[in-house]
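The values are calculated or read from the model by the stated rules, or taken from the named source; none is laboratory data. Note that the coordinates shown come from a computational prediction; the quantities given were computed from them, not determined experimentally. Cβ placement follows ideal geometry from the backbone for every residue including glycine, while neighbour counts extend to all protein chains displayed. The accessibility values were calculated without ligands, DNA or RNA, using every heavy atom of the protein model including side chains. Shrake-Rupley method; radii C 1.70, N 1.55, O 1.52, S 1.80 Å.
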Amino acid sequence: YFILMAPVGPGNRLADFLPFNDNVDSWVSGEVLSSPPEQPIQLVWDPDNENGIQASYYPAGIVLMKKDLVAALQECGVDNLDLYDVVIRSNSGKEENHDYHAVNILGAIAAADMEMSMVMDEGSGMYDVLFGSLVIDEEKANGNLLFRLAESISTVVIHESVVEALNQKGNFGLTFLPPEEFCG
């Protein structure tokens, strides 16, 4: 297993969008949204960086994934993505981008081996644990291909077989971090 991360590295000036504040906590719960948003979800590129590289994956707040990444994940057998149409407008409002889905990743699995992992802060003991390094208990992960880590709900875990398939397709600019290197 790996941790799915947004693109990182020097020189990557990523385009970003202005915050979407419509019940953001429910987007990271791993559960079906109790009040799905009106579609398409309306977003606006941040004027400070809208001309940067448009990433395939934005994990903060609501998860955004380019449609080709979603299709590739589904081809790999990932079947727990609750998808919503998105329109991202330029700051001027003239250009519209329809290349993304808002993605609610269904499933939060308590798959951290808490004894083998380096825990920096236990938080409440669930959902907000801060790790210095992480060990995934593969038995608890039960072969799931993509899920939120219940102990640190903003952490998305991806199966090695999906990573290999995505790398063969071109990786989509994603970063796949070995759990032992994860700090968060």
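Brief remarks on what is shown
- Residue match in the range 41-50 (condition: in a strand (DSSP E or B) and within 22 Å of Pro179 (Cα to Cα)): no
- Listed by position, the strands (runs of 3 or more DSSP E) inside the range 70-184 whose residues that are open to solvent by 80 Å² or more (accessible area, probe 1.4 Å) and modelled with pLDDT under 95 number at least 1 are 118-121, 152-158.
- The range 42-68, residues that are β-branched (Val, Ile, Thr), modelled with pLDDT of 90 or more and surrounded by fewer than 19 Cβ atoms within 10 Å (Cβ to Cβ): Val44
- Test: residue in the range 13-28 that is modelled with pLDDT of 85 or more, assigned to a loop (DSSP other than H, G, I, E, B) and either touching a His at 6+ places or on another chain (Cβ under 9 Å) or open to solvent by less than 70 Å² (accessible area, probe 1.4 Å) (or both): yes
- First in the range 70-94 and on the phi > 0 side of the Ramachandran plot, second anywhere and part of a loop (DSSP other than H, G, I, E, B) and at pLDDT 95 or above, Cβ under 7 Å, 6 or more apart: Gly77/Leu145
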